[in-house]
Amino acid sequence: MKKPKIIPGVDQRLLVKDAIKVMPDPTRRLFLRGGASVGALMLLTGCDLSDSETAENILSKISEFNDGAQAAIFSRTKLAPVYPESAITKPFPFNAYYSEEDAPAVDGATWKLEVAGLVENKKPWTLDELNALPQVSQITRHICVEGWSAIGSWQGVQLSEFLKRIGADTRAKYVWFKCAEGYTNTIDMPTAMHPQTQMTLKFANKTLPQAYGFPMKVRMPTKLGYKNPKYVVAMEVTNTDKGGYWENQGYNWFGGS
Amino acid sequence: MSVQTVAGHSAEKIIHPAWVRICHWINAVAILIMIGSGWQIYNASPLFDFTFPREIALGGWLGGAIRWHFAAMWLLVVNGLVYVTLGVVTGRFRRKLLPIYPRDVLSDTKAALTFKLAHDDISKYNAVQKLLYAGVILCAVIVVLSGIAIWKPVQFQELTTLFGGYDFARYVHFFAMAAIVGFLVIHIALALLVPKSLRAMVTGN
């Protein structure tokens, strides 16, 4: 799932073919002997083709414009549709940029949720402490950026309730999450305060399985799957956009649904 | 003087006014980007037992394709709104595309398939053309609305419900695309068979 470093819409073979034509003879021979790939072309020219391209820049700008459009469309009170238990997808799919065997195994007994940034109380939270907070439940549709969707049942603490308890400055722009395997994710404060945004501790009323993000995921039915981090170990309330794993590779930042 | 100019102008017989031609070619670019990037997005989670060859899909990977798709959508929608508004306000749609009688469609289809359909006056559409042009405008409306239903199934959930829910809306979006592609195959083939129709869409007459 790594992003191929090519200009969107440009055929790699044609690009390499064109590049060969303008090379001086000795270089051309070396290049052709070496496999004549886009990777080799990048080594040779020392430039990342995707970064230098105007089309890429224009598309980035429009993607940022779409972040603004989606923030404007987003309603703080409109709820994602909820479903009956009979609608839950079984089995609910595992999904990540790695395979299920490589999913991080977090020890719930020693795990603590780190809290940082613009908050009054930065005391880390144990799983027991989070389980002792008022719990909410939702059966909603998880929608993947790839197009497929699945209905799941999630229980946990409202993020807005938690932010209130730790004395977070909810006038801040973002909440940033860090996960056990290194995944990161930044969301906008209005989404963080949405009533259905949940620090999920259970799936279908049972302790969150490893595949679904044990010990904690953050469930947002108003955003696409890649904006719903699993295996969360830290969160920060901030005015700095720290990006995210997929967002940094070109997925839309807002990722709203 | 001015009367003469107007008379001389109409003698040249403008088949497609400038706004039609401008909208047509902007739309051509937008729809090709939407279809190509849409195929790449489809490949990430195919609805059927096939994927589109990478060579004809736009964007290189899912993230790139989504960027193209959600950039060209503005071009498609803004240009489409201008086109439909002017088509209705100027009366062009009513004049050119209506009425469509099933009997005429049948007889003109038969004539077209036996290469007996006359194209002496390309400013007047036969019944098959009327049906195809009106039909593709309808498909474009459906493809945009079902696209919004997939894009915003929470914020615009009423629209998503109208299309039978999120999963069903994906199929609607796909088949509306397929219908437009089907139209394009016929449309481009016939434009090449009757080159003066292509010239009219470039120069206006």
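The values are calculated or read from the model by the stated rules, or taken from the named source; none is laboratory data. Please read these numbers as outputs of a predicted model, since none were measured by experiment. Here the Cβ is made from the backbone with ideal geometry for all residues, glycine too, and neighbour counts use every protein chain on show.
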Residues (more than 13 Å from every other protein chain (Cβ to nearest Cβ) and either surrounded by fewer than 21 Cβ atoms within 10 Å (Cβ to Cβ) or outside any helix (DSSP H, G or I) (or both)) located in segment B:133-161 | B:Y133, B:A134, B:G135, B:V136, B:I137, B:L138, B:C139, B:V141, B:I142, B:V144, B:L145
Looking at (1) more than 10 Å from chain A (Cβ to nearest Cβ); (2) under 19 Å from A:Y251 (Cβ atoms), find the lone condition where B:V77 falls short.
-> (2)
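When segment A:171-183 is examined, which residues are found to be farther than 14 Å from A:E114 by Cα and either touching a residue at least 60 places away in the same chain (Cβ under 8 Å) or not assigned by TED's automatic domain parsing to the domain that holds A:D102 (or both)? Outline the logic, then answer.
So the first thing to find is which residues in segment A:171-183 are farther than 14 Å from A:E114 by Cα, and the list is A:171-174, A:181-183.
Selection gives A:A172, A:K173, A:Y174, A:E181, A:G182, A:Y183.
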Within segment A:67-88, can you find the residues that are surrounded by 15 or more Cβ atoms within 10 Å (Cβ to Cβ) and of a type outside the set (A, V, I, L, M)?
-> A:D67, A:Q70, A:F74, A:K78, A:P81, A:Y83
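Would you confirm, using the coordinates I've provided, whether A:G256 is within 14 Å of another protein chain (Cβ to nearest Cβ) and either over 19 Å from the mean Cα position of the chain (by Cα) or modelled with pLDDT under 95 (or both)?
Working: within 14 Å of another protein chain (Cβ to nearest Cβ): yes; either over 19 Å from the mean Cα position of the chain (by Cα) or modelled with pLDDT under 95 (or both): no.
In short, no.
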Using beta carbons and a limit of 7 Å, which pairs, at least six apart or on different chains, have the first residue in segment B:89-101 and part of a loop (DSSP other than H, G, I, E, B) and the second one hydrophobic (A, V, I, L, M, F, W, C)?
-> B:I100/B:A127; B:I100/B:L131; B:I100/B:A134; B:Y101/B:A127
Tally the residues that are within 14 Å of chain B (Cβ to nearest Cβ) and either outside any loop (DSSP other than H, G, I, E, B) or closer than 20 Å to B:L62 by Cβ (or both), restricting the search to segment A:55-109.
-> 23
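Just to verify a result, which residue in segment B:23-51, among those that are among the aromatic types (F, W, Y) and within 21 Å of A:Y251 (Cα to Cα), is nearest to the other protein chains (Cβ to nearest Cβ)?
Step one: list which residues in segment B:23-51 are among the aromatic types (F, W, Y), which gives B:25, B:39, B:42, B:48, B:50.
Then drop every residue that is not within 21 Å of A:Y251 (Cα to Cα), which leaves B:39, B:42.
Details: B:W39: 12, B:Y42: 7 Å.
Among those residues, the one meeting the criterion is B:Y42.
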Would you say A:F65 is modelled with pLDDT of 95 or more, aromatic (F, W, Y) and in the same structural domain as A:L208 (by TED's automatic domain parsing)?
-> no
